[in-house]
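Chemist: Provided herewith is a single structure, encoded as structure tokens, for subsequent inquiry.
The values are calculated or read from the model by the stated rules, or taken from the named source; none is laboratory data. The structure presented is a predicted model; accordingly, all values stated were derived computationally and were not measured. Here the Cβ positions follow ideal geometry from the backbone for every residue, glycine too, while neighbour counts run over all protein chains shown.
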Amino acid sequence: MRTRASLCTLAVSFAGQTVNLILLFVSRRLFVQYFTQEYLGVNGLFSNILTVLSLAELGIGTAMIYGLYQPAAAGDEAAICRLMNLYRILYRIVGCAVLALGVSLLPVLPHLVQGGGIPRLRLIYCMYLSDTVMGYFLSYKQAVLSAHQEAWRINAVTQAVRSVQILLQMAVIVCLQDFYLYLAIQMCSQLTANLILSGIVERRYPYLRNDRKGLPSREICKDLFRQVGALSMHRLGGVLVSHTDNLILSMFQGLAMVGVYSNYQMVLNSLRMMMSYVYNSFSPSIGNLAAAGNREKVYEIYSVLNFLLALLYGWLAVCLLALFNPFIRLYFGEHYTLPLPTMLLIVLDFYLHGMRQMTLRFQDGMGLYWYSRYKPLLETLLNLVISVALVGDFGIAGVVAGTIMSTLLTNFWIEPLVFFRYGVINDWKRRYIQYYGHYGIQATVLAVDGAILLMLQIRLPVQDMAGWILRGFFCTALYVLSVLLVFHRRWEWQYIWKKGLEQGRMFKKYLEEIRRNAEKK
């Protein structure tokens, strides 16, 4: 059941995101043609500012979904109602807090933007703020779907609405060149998706209307707020580390530099979104598995999923090393490309970020936030100090280097330590050391493949899109060969292969049943 739910979520997410990814790149190409670099910079800057303001959410969503896993697995409708009532109250408070914080920034907004010259900057900012705030008043209901392993419904609706949004925005860019209408479509799209999902939840879980006032017991609230307290620090660190780069660049280098960097961020964010559907599709199953309390089974599934994610992120990193700058040059123009050392740092940051994700998903599912609650504060301090110190001399490279160094000095060793010591528990020291042994082997394979591809890139530059596609096939073939040579005997590889064949047989049987039913009719 867990595997089927995860695969269903993954299939729906990938199908929708693939379509949206194609549309997004076409849309960005049109955006670059019809609007200036400064508008790209504003888009990236305001998105980052409002993500920082969303710190007011304090990780409530993650904590509440964790709290729903147990009653959802037990079918306790009364407990779910009480938790959702609390969730609704908290999210309305958060929405009002984000609105107040956002409005308070209006007087100082011009000081955060250097080299802008964009008219009605405050209006643009208010539109972004409204888009963010509206989400808090309806999106809380989606937690019920996640807790019942029905996240695929959320993904299906959001991806469909997102596709329509991008198509409409493309039409506005080409026909009207109106940036304000472009933003208005974005606002309406999020509202539409939330209303549709709210209706689905009301229809599938009508018992939520039975009790609109009851709240969880004091003991349950105390435990949830303890989790929220720990998660708030994690959220603080995550947001300040990953969403202050554009703000620092805007203040020290100007909006044009943010616009150049935003194209790289768009590619990376699209890939991160695709990969998030991989690991997030397993999140409800992880929570359900953790609720069962079998630590050995938890470790076994973690090892398999972490190995799978490492292979996928290794492949993406190898491809980015060889294809990133040629893509930016071919698609946006030579003046939008960054120097090779800067691009390498960006890819390294992407890889390190990705290699953390499965450990974080298991920490979320097992509620282990408390044990690393002070880590984000140190991470944030290191990132800001190093980034500000380096941005003046090195620009984008300095900002990215600050993120990498803060990750290596904190997340790289603390997050696995917490998971193995408090999540796995049994023989955790040996398994913790083994984790880094596997990490080192995977990184070595990546480094060797990357060196080969960088030499190829220097000697055989890509001249057109056909050459870019050909190089992509070569990157993939080289990486697959390396993985088969090094990892084909790992038990995780054998497990994944066996599960893949099993699911393939089930899918074939399902298709045969459909065919037989069609023939009977």
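Chemist: Going by the structure shown, is Leu195 touching a residue at least 40 places away in the same chain (Cβ under 8 Å), within 30 Å of Ile124 (Cα to Cα) and either acidic (Asp, Glu) or assigned by TED's automatic domain parsing to the domain that holds Leu167 (or both)?
Modeler: On the way: touching a residue at least 40 places away in the same chain (Cβ under 8 Å): yes; within 30 Å of Ile124 (Cα to Cα): yes; either acidic (Asp, Glu) or assigned by TED's automatic domain parsing to the domain that holds Leu167 (or both): yes.
Criteria met by Leu195.
Chemist: Continuing with this model, one more query. Given the conditions (1) of a type in the set (S, T, N, Q); (2) more than 30 Å from the chain's Cα centre (by Cα); (3) modelled with pLDDT under 80, report the number of the one that Gln463 does not fulfil.
Modeler: Checking Gln463 against (1) of a type in the set (S, T, N, Q); (2) more than 30 Å from the chain's Cα centre (by Cα); (3) modelled with pLDDT under 80, the one that fails is (3).
For every residue, the table says whether it meets (1) over 24 Å from Ile301 (Cα atoms); (2) surrounded by 16 or more Cβ atoms within 10 Å (Cβ to Cβ); (3) outside the structural domain of Leu312 (by TED's automatic domain parsing).
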| residue | (1), (2), (3) |
| --- | --- |
| Gly467 | yes, no, no |
| Val483 | no, yes, no |
| Lys508 | yes, no, yes |
| Glu512 | yes, no, yes |
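Chemist: How many of the residues making up the stretch 451-472 are assigned to a helix (DSSP H, G or I) and under 19 Å from Leu316 (Cα atoms)?
Modeler: The qualifying residues number 14.
Chemist: A follow-up question, please. Tell me yes or no: at least one residue of the stretch 178-192 is closer than 29 Å to Gly67 by Cβ, part of a helix (DSSP H, G or I) and at pLDDT below 90.
Modeler: The answer is yes, given that some residue of the stretch 178-192 is closer than 29 Å to Gly67 by Cβ, part of a helix (DSSP H, G or I) and at pLDDT below 90.
Chemist: Hey, another quick one. In a helix (DSSP H, G or I), in the same structural domain as Tyr313 (by TED's automatic domain parsing) and over 29 Å from Phe332 (Cβ atoms): is that true of Thr444 in this structure?
Modeler: Against the criterion (in a helix (DSSP H, G or I), in the same structural domain as Tyr313 (by TED's automatic domain parsing) and over 29 Å from Phe332 (Cβ atoms)), Thr444 qualifies.
Residues checked against (1) exposed (fewer than 15 other Cβ atoms within 10 Å of the Cβ); (2) over 21 Å from Phe327 (Cα atoms); (3) not small (Gly, Ala, Ser):
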{"residue": "Gly395", "(1), (2), (3)": "no, yes, no"}
{"residue": "Val400", "(1), (2), (3)": "no, no, yes"}
{"residue": "Arg430", "(1), (2), (3)": "yes, yes, yes"}
{"residue": "Leu460", "(1), (2), (3)": "yes, no, yes"}
{"residue": "Val480", "(1), (2), (3)": "yes, yes, yes"}
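Chemist: Can you pull out every residue in the stretch 193-220 that is part of a helix (DSSP H, G or I), surrounded by 15 or more Cβ atoms within 10 Å (Cβ to Cβ) and at pLDDT 85 or above?
Modeler: Matches in the stretch 193-220: Ala193, Asn194, Ile196, Leu197, Ser198, Ile200, Val201, Leu208.
Chemist: Residue under question is Ser146, and the condition is that it be part of a helix (DSSP H, G or I), in contact with a Pro (Cβ under 7 Å, 6 or more places away or on another chain) and not basic (Lys, Arg); does it hold?
Modeler: On the way: part of a helix (DSSP H, G or I): yes; in contact with a Pro (Cβ under 7 Å, 6 or more places away or on another chain): yes; not basic (Lys, Arg): yes.
Yes; evaluated as a whole, the condition is true for this residue.
Chemist: Looking only at residues that are part of a helix (DSSP H, G or I) and at pLDDT below 70 in the stretch 289-299, which one is farthest from Gly367 (Cα to Cα)?
Modeler: Ala292
Chemist: If I filter the stretch 402-425 down to residues being of a type in the set (Ser, Thr, Tyr) and crowded, with 20+ Cβ neighbours inside 10 Å, which single residue comes out as nearest to Met233 (Cα to Cα)?
Modeler: Taking the candidates together, the pick is Thr410.
Chemist: Suppose we filter Gln177, Gln149 for residues that are touching a residue at least 24 places away in the same chain (Cβ under 8 Å), closer than 18 Å to Ala73 by Cα and either out of contact with any Gly (no Cβ under 6 Å at 6 or more places or on another chain) or not assigned by TED's automatic domain parsing to the domain that holds Cys81 (or both); which single one remains? Can you show your working first?
Modeler: Numbers: Gln177 fails: closer than 18 Å to Ala73 by Cα.
Selected residue: Gln149, the only one of Gln177, Gln149 that is touching a residue at least 24 places away in the same chain (Cβ under 8 Å), closer than 18 Å to Ala73 by Cα and either out of contact with any Gly (no Cβ under 6 Å at 6 or more places or on another chain) or not assigned by TED's automatic domain parsing to the domain that holds Cys81 (or both).
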